[in-house]
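Report on one structure; see the data block that follows.
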Amino acid sequence: MTWLSRVLPFILLKKMTLPKLLVEYLSFVPIVIMSALWVSNLFVQHLGHFPSVDWNNLWASIPTVIAAILTKNLLLIVLVGIVSLAIVQLVLYTG
């Protein structure tokens with residue numbers, strides 16, 4: 001069922017032309033989704049208390065955000081994020 005809900009919009013919209021305003025509006029959706037995922041991973045929830053910062057993710061986010069600003073290449077951004085988090089965890093857990 002999830003396959004159908006993901007493929008159906010592509011099939012239905014394949015031969016249609018969307019209005020320019022709608023296409024421009026939808027172009028911001030990936031940015032919003034990635035931002036929401038990023039911010040939600042920067043904090044750890046504690047029931048009954050304020051959330052705390054996940055320091056590993058915060059430190060790994062710095063070079064990743066810099067790569068995003070400089071390159072705007074999604075593959076490179078993901079690779080920098082993965083390598084950054086691996087380095088942060090290696091330094092914190094072996095040092």
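Listing for the model above:
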| quantity | calculated |
| --- | --- |
| Cβ-Cβ under 6 Å pairs, at least 6 apart or on other chains, the range 69-95 side under 20 Å from Met34 (Cβ atoms), far side hydroxyl-bearing (Ser, Thr, Tyr) and part of a helix (DSSP H, G or I) | Val80/Thr64; Gly81/Thr64; Ser84/Thr64 |
| Tally, over the range 79-95, of residues that are surrounded by fewer than 13 Cβ atoms within 10 Å (Cβ to Cβ) and either among the hydrophobic types (A, V, I, L, M, F, W, C) or under 16 Å from the mean Cα position of the chain (by Cα) (or both) | 5 |
| Matching residues, the range 21-49, being more than 22 Å from the chain's Cα centre (by Cα) and either part of a helix (DSSP H, G or I) or of a type in the set (Lys, Arg) (or both) | Leu21, Leu22 |
| Matching entry among Leu4, Leu18 (being over 15 Å from the mean Cα position of the chain (by Cα) and outside any helix (DSSP H, G or I)) | Leu18 |
| Any hit, the range 50-71, residues being among the hydrophobic types (A, V, I, L, M, F, W, C), within 15 Å of the chain's Cα centre (by Cα), loosely packed, with under 10 Cβ neighbours inside 10 Å and at pLDDT 85 or above | yes |
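The values are calculated or read from the model by the stated rules, or taken from the named source; none is laboratory data. Worth saying up front: this structure is predicted, and the values here are computed from it rather than measured. Glycine gets a Cβ as well: all are built from the backbone with ideal geometry, and neighbour counts include every protein chain shown.
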